[in-house]
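Every number in this text was worked out from the coordinates using simple rules, so none of it is lab data. The model shown is predicted, which means the values in this text are computed figures rather than measured ones. Glycine also receives a Cβ, built like all others from the backbone with ideal geometry; neighbour counts cover every protein chain displayed.
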Amino acid sequence: MKRRDFLRQAMMASIGVSGVLVPMLTAHAAADPFYAQAFSDLQGQEHDFTQFLGKPVVLNFWATWCPPCVKEMPDLDALHKAHDDVQFVGLAVDTEINVRKFGEKVQVSYPLLIAGHGGIKLMRQLGNKQGGLPFTVVFDADGNVIKRILGQIDPDELAQFIKGI
């Protein structure tokens, strides 16, 4: 979903029956602007990131050509399986073809979405000024950034953090 479409829908949601602008009464009004994005999955289906509002999200930026990214995927998968109250998402800073081939060899139980090379700009907007990979961002249930991890995750530290959410 494009940002202007997201904003248009948000504005329409805030217009009352009488056509008068009224405050939005949703718990998700404070979501990070990142939630206005949409990404394709490996089958080409587009997913609005807003679908993940309502529960904490662990968003992992990765690439097939990044050894530390690939090395941490089993740890992220194990954490995903252990914490069904948290949504894990892998966002590939890579091409769909590369991710599809990779997915045939290495499978994870959380969704893998494609950001393409535009993912570097998104990482920078989320606080990763260097644009390095891997980069993990934890959002609370309302879509606010509550943790950033540049480099490979420590699964025990991330598990402890998740328990505290």
Extension gain from Thr95 to His117, taking 0.36 nm per residue of separation minus the Cα-Cα distance: 7.2 nm
DSSP bridge orientation in the stretch 30-163 - percent antiparallel, rounded to nearest 5: 60
Rounded if a/c under 1.5, otherwise prolate or oblate - the stretch 30-163, Cα gyration tensor axes: rounded
HN-Hα J in Hz across the stretch 139-152 - Karplus 6.51, -1.76, 1.60, θ = phi - 60°, x for Gly and Pro: 10, 7, 5, 8, x, 9, 5, 10, 7, 10, 10, 9, x, 5
Distance in nm between pseudo-label sites at Ile165 and Arg148 (7 Å out along the Cβ direction from Cα): 1.8
Sequence ranges 122-128, 44-50, ranked by mean other-Cβ count within 10 angstrom, highest first: 122-128, 44-50
